[in-house]
Amino acid sequence: MRECEKVGEYVVERGFKVIETKPSLLYVALGNLYISFWCPERDYIFDVDPLELAHQIKLDSSDVLIVVAYRPYLIIDELQSVIDRIHRWYGRDLGVKLIGVSSADLDEGLEEAVGHAMVYKPFKMGLGRDGEDVCPNCARGPLRVYASESLFSTKYRGRVNHIVMGCPLCGLRIRRVEILS
């Protein structure tokens, strides 16, 4: 799977630690934020044991699952059905966020998906550092910066600052992309 190799190169450049690699799966971490990238061989899921599939693609241990496929949203619909069955049949709430990336638009899609994954649970990336801004939601404390990186954006075709902020008091999360050039 060429897509998974490209995903692996991208996440290492962004500072993620690769925990597990399989031909169609990449399991990475940034602090305590765990993300799985799944590059399925087919565009459908038929007759699968829900718990076995959840274990294979790390649904049970990931905060975010990013599906990289030609038609990712078809697979996400089926995965959501699997997650619902696990909740209904076994009473387990996996609490995983599903994000799709089209393999036809891999570079821009990965950039957006990783950004959304980071802002989903920024408090798991680390303690963060106090920012200059006061929380616009609760106004009780400063926003904490959990990620701040400068990178070349294929979406904006130039250098950008990617910043993920959050308020630990009220749970507000903000993703800011500042265009530098």
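Scanning segment 153-168 for residues that are aromatic (Phe, Trp, Tyr) and more than 20 Å from GLU108 (Cα to Cα) turns up nothing.
If the requirement is being within 23 Å of PHE16 (Cβ to Cβ), modelled with pLDDT under 90 and surrounded by 16 or more Cβ atoms within 10 Å (Cβ to Cβ), which of these qualifies: PRO142, PRO168? One residue alone meets the criteria, PRO168.
Of the set (1) in contact (Cβ under 8 Å) with a residue 40 or more places away in the chain; (2) outside the structural domain of VAL7 (by the TED database); (3) surrounded by fewer than 17 Cβ atoms within 10 Å (Cβ to Cβ), all apply to SER153 but (3). For segment 128-139, residues that are open to solvent by 80 Å² or more (accessible area, probe 1.4 Å) and free of Cβ contacts under 8 Å to residues at least 12 places away in the same chain total 2. Can you spot a residue in segment 76-94 that is in contact (Cβ under 8 Å) with a residue 12 or more places away in the chain, within 23 Å of ASN161 (Cα to Cα), of a type in the set (Val, Ile, Thr) and outside the structural domain of GLU149 (by the TED database)? No - not one qualifying residue is present in segment 76-94. Restricting attention to segment 84-108, the residues that are of a type outside the set (Lys, Arg) and closer than 15 Å to SER36 by Cα total 7.
Yes or no, residue by residue, for (1) in contact with a strand residue (DSSP E or B) (Cβ under 6 Å, 6 or more places away or on another chain); (2) modelled with pLDDT of 90 or more; (3) farther than 28 Å from ARG159 by Cβ:
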{"position": "TYR44", "(1), (2), (3)": "no, no, yes"}
{"position": "VAL48", "(1), (2), (3)": "no, no, yes"}
{"position": "HIS55", "(1), (2), (3)": "no, yes, yes"}
{"position": "VAL68", "(1), (2), (3)": "yes, yes, no"}
{"position": "VAL101", "(1), (2), (3)": "yes, yes, no"}
{"position": "VAL114", "(1), (2), (3)": "no, yes, no"}
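Is it fair to say VAL119 is within 26 Å of LYS58 (Cα to Cα) and either in contact (Cβ under 8 Å) with a residue 60 or more places away in the chain or open to solvent by less than 20 Å² (accessible area, probe 1.4 Å) (or both)? It is false that VAL119 is within 26 Å of LYS58 (Cα to Cα) and either in contact (Cβ under 8 Å) with a residue 60 or more places away in the chain or open to solvent by less than 20 Å² (accessible area, probe 1.4 Å) (or both).
The values are calculated or read from the model by the stated rules, or taken from the named source; none is laboratory data. Please read all numbers here as calculations on a predicted model, not as lab measurements. Counting neighbours? That spans all protein chains shown, and the Cβs are built from the backbone with ideal geometry, glycine included. Surface accessibility is based on the protein's heavy atoms, side chains included, excluding ligands, DNA and RNA. Shrake-Rupley method; radii C 1.70, N 1.55, O 1.52, S 1.80 Å.
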